[in-house]
1. Sorted by accessible area (1.4 Å probe), largest first, how do Met202, Met104 line up?
2. Once fully extended, how much extra length lies between Arg190 and Asp8, figured as 0.36 nm per residue of separation less the alpha-carbon to alpha-carbon distance?
3. With a 1.4 Å probe and all protein chains left in place, how much accessible area per residue does segment 66-143 have, in Å²?
4. At what distance in angstrom do the alpha carbon centres of segment 63-131 and segment 174-197 lie from each other?
5. Arg19 to Asp79: extension gain in nm, 0.36 nm per residue of separation minus the Cα-Cα distance?
6. Tell me which residues come under 5 Å, amide H to amide H, from Ala4 once H is placed; ignore anything under 5 positions away on its chain.
7. Kindly identify segment 111-224 as rounded, prolate or oblate by the Cα gyration tensor criterion: order the square roots of the eigenvalues as a ≥ b ≥ c, call it rounded if a/c is under 1.5, otherwise compare a/b with b/c, prolate if a/b is larger, else oblate.
8. To the nearest 0.05, how large is the calculated FRET efficiency for Ala163 and Tyr38 if R₀ is 35 Å and r is the Cβ-Cβ distance?
Amino acid sequence: MRFASHRDIARALERALRRASVPVAFSAGFSPHPKISYTGAAPTGVASEAEYLELTLAEDRRPEQVRDAIDAAMPEGIDVVEVVEARIPGLADRLQASLWQVRMDGVDPDEATRAVDAYLATDSVEVERVTKKGRRRFDTRPAVLDIDVSGGTSGRVPGERHATYAILRMVVRHTTPAVRPDDVLTGLRRLADLAPPSSPMMTRLAQGPLDEVTGAIADPFDADRTEAPTNESTGSANDETNDRRTRAPQPSPPMTGPRR
């Protein structure tokens with residue numbers, strides 16, 4: 001599903017809403033459209049475990065009822081993890097940064113560490129990207145808070161030579177223009193000649209409010225959640241709520257200490 005575009009995902013959601021009979025509200029005017037607001041969608045070719053949208057309903061529904069209905073109607077590979085009722089506005093303002101994981105097969109972790117050290121020690125790393133308005137040049141370095149490197153070797157099948165790989169975990173601020181993980185990889189290639197022999201696997205692990213000191217990314221739904229009732233008659237509802245919270249994107253750990 002990482003090769004599905006944002007438009008593909010939007011069409012799939014609108015069809016799922018109709019199949020699930022979710023009473024979505026529509027705009028007024030000559031050409032009404034469902035009131036769905038997407039924020040910071042991942043680029044095509046990138047997997048994600050933390051995408052967010054706002055949905056306006058025409059009737060009251062319990063959040064868990066909406067979640068179950070939409071999730072059951074969505075295609076395989078697109079999961080609705082959690083739905084909360086919006087208590088305060090400004091979801092887009094809470095999505096301040098993303099935690100990305102990039103796996104590069106065929107890259108030695110030590111080589112990746114040297115490239116990352118050179119990148120982080122530089123004040124400016126400019127790259128070019130083709131946009132709707134043509135080729136644009138911008139600086140990627142201010143958006144990158146930190147990059148952690150790990151990796152090793154793995155055997156694909158018994159008797160086969162072990163494959164070397166490196167994994168980058170990077171916290172990237174949401175800026176204008178947006179800096180994507182492939183832009184950072186382009187910067188690493190230009191600055192330190194780090195060029196994976198095959199296409200890297202990129203995954204967004206989290207996005208939300210950013211702690212500039214620790215680099216941790218919090219859950220943007222925290223501002224909307226309310227504590228579940230504690231009476232015994234709602235025990236099953238509490239269990240379901242706890243289960244949803246367990247499956248929801250969790251705050252990323254602080255990225256401190258030496259990179260490996």
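The values are calculated or read from the model by the stated rules, or taken from the named source; none is laboratory data. The shown structure was predicted, so the numbers you read here are calculated from the model rather than taken from an experiment. Note that each Cβ is placed from the backbone with ideal geometry, even for glycine, and that neighbours are counted across all protein chains shown. Note: accessible area is taken over every heavy atom of the protein model, side chains too, but ligands, DNA and RNA are not part of it. Shrake-Rupley method; radii C 1.70, N 1.55, O 1.52, S 1.80 Å.
1. Largest accessible area first, the residues go Met202, Met104.
2. That works out to 62.2 nm of additional length.
3. In whole numbers, segment 66-143 has 55 Å² accessible per residue.
4. That distance is 15 Å.
5. 20.0 nm
6. Residues meeting the criterion, in which the H sits 1.01 Å from N, are Gly45.
7. oblate
8. 0.45
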